[in-house]
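**Q** Have a look at this one.
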Amino acid sequence: MPSCIDLHLHTSRSDGVLSPRELLEEVRARKLVAFAVVDHDTIDGYRELADLIVPGDPELVSGLELSVATGNGDMHLLAYLFDSDHQELAETLETFREARNLRGRQMVERLNQQGLRLPFETVLEAAGGSAIGRPHIAEALVKNGLASSIEETFRKYIGNNCPAYIPKSMIRPPEAIALIHRAGGVAVLAHPYINDMHRHVPSLVRLGLDGLEIHHYSHDKQQVQELKRLAQKHGLLLSGGSDFHGRQEHEGDIGADSVPVEYLEKLKSRALEIRGGI
């Protein structure tokens, strides 16, 4: 089996199913060379994993998936190889956490106004101490018998433009990329073909974007090749991962895309350049 990496994994500290410890056991079983946990707007899962790593384990790369506002929605920027103790980054993520929890409470209030009678305590239980996201609300709705599936909750209640939907608190691309760089990390556009986010690449390059996530379960072979050409055109690095959350019917399995180790080595070189310029 060729050496490979997975730079897009999620834990229960955001909207994944597995705890950091459980995820590490799965990663060990896949015999990856390196991996990154990129929980949404938090590095709590990364911090827990860092304390669990022992000699012989795959390399753990600092990672984060930032929610970033665009004119008509939101894009996701992946941050890698940053200083996890960077104060400004920590303060920004704490602000996001508070905003996510407030948003969760407000969405539950809207659901209750529609007669769904969802106890907020059930949502807190689903979140398990992590910042509240829509998947936690969806799980609580299903658990309370108010919806038959996660898909139904998003389609009828909490999906974009649905009755209980409230937009996330997000920063703009210039601020997001600059923050990642100030923390010594590299900025990569996540899953560029979801919602056609690849159309923003030229403007993101002008802001300092470092790379594209070309390997992703939502990308077919033709799209991977198109993204490679787009990256070459703009001098961008390559990345990839499974976007594993633990809900296999909707995503890739850990290490499924066989992302080459050389992608990480080039990201590391870019991170060194960024730190040299700080």
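The values are calculated or read from the model by the stated rules, or taken from the named source; none is laboratory data. Predicted model only: the values in this text are computed from it and were never measured. Ideal geometry is used to build each Cβ from the backbone, glycine not excepted, and the neighbour counts take in all protein chains shown. For the accessible areas, the whole protein counts, side chains as well, though only heavy atoms, and no ligand, DNA or RNA atoms are used. Shrake-Rupley method; radii C 1.70, N 1.55, O 1.52, S 1.80 Å.
**Q** Which of the residues spanning the range 243-276 are in contact (Cβ under 8 Å) with a residue 40 or more places away in the chain and part of a helix (DSSP H, G or I)?
**A** 261, 263, 264, 267, 268, 270, 271, 274, 275
**Q** Quick check on this structure: which one of 6, 74, 57 is open to solvent by less than 30 Å² (accessible area, probe 1.4 Å) and touching a residue at least 12 places away in the same chain (Cβ under 8 Å)?
**A** 6
**Q** Are any residues in the range 136-165 buried (at least 19 other Cβ atoms within 10 Å of the Cβ), part of a loop (DSSP other than H, G, I, E, B) and without any contact (Cβ under 8 Å) to a residue 24 or more places away in the chain, and if so, which ones?
**A** 147
**Q** Another question, then. Within the range 178-192, can you find the residues that are surrounded by fewer than 24 Cβ atoms within 10 Å (Cβ to Cβ), in contact (Cβ under 8 Å) with a residue 40 or more places away in the chain and hydrophobic (A, V, I, L, M, F, W, C)?
**A** Answer for the range 178-192, where residues must be surrounded by fewer than 24 Cβ atoms within 10 Å (Cβ to Cβ), in contact (Cβ under 8 Å) with a residue 40 or more places away in the chain and hydrophobic (A, V, I, L, M, F, W, C): 179, 190.
**Q** I'm trying to understand the selection: among the residues of the range 24-43, which are surrounded by 14 or more Cβ atoms within 10 Å (Cβ to Cβ), among the charged types (D, E, K, R) and at pLDDT below 95?
**A** 30, 41
**Q** Scan the range 207-218 and give yes if some residue there is touching a Phe, Trp or Tyr at 6+ places or on another chain (Cβ under 8 Å), of a type in the set (Asp, Glu) and crowded, with 20+ Cβ neighbours inside 10 Å, otherwise no.
**A** Checked the range 207-218: no residue is touching a Phe, Trp or Tyr at 6+ places or on another chain (Cβ under 8 Å), of a type in the set (Asp, Glu) and crowded, with 20+ Cβ neighbours inside 10 Å.
**Q** Counting only residues that are of a type in the set (Val, Ile, Thr) and at pLDDT 95 or above, which one in the range 77-108 is least open to solvent (accessible area, probe 1.4 Å)?
**A** Looking at residues that are of a type in the set (Val, Ile, Thr) and at pLDDT 95 or above, I get 108.
**Q** Another question, then. What is the residue count in the range 222-252 for residues that are more than 17 Å from residue 190 (Cβ to Cβ), under 22 Å from the mean Cα position of the chain (by Cα) and surrounded by fewer than 14 Cβ atoms within 10 Å (Cβ to Cβ)?
**A** 3
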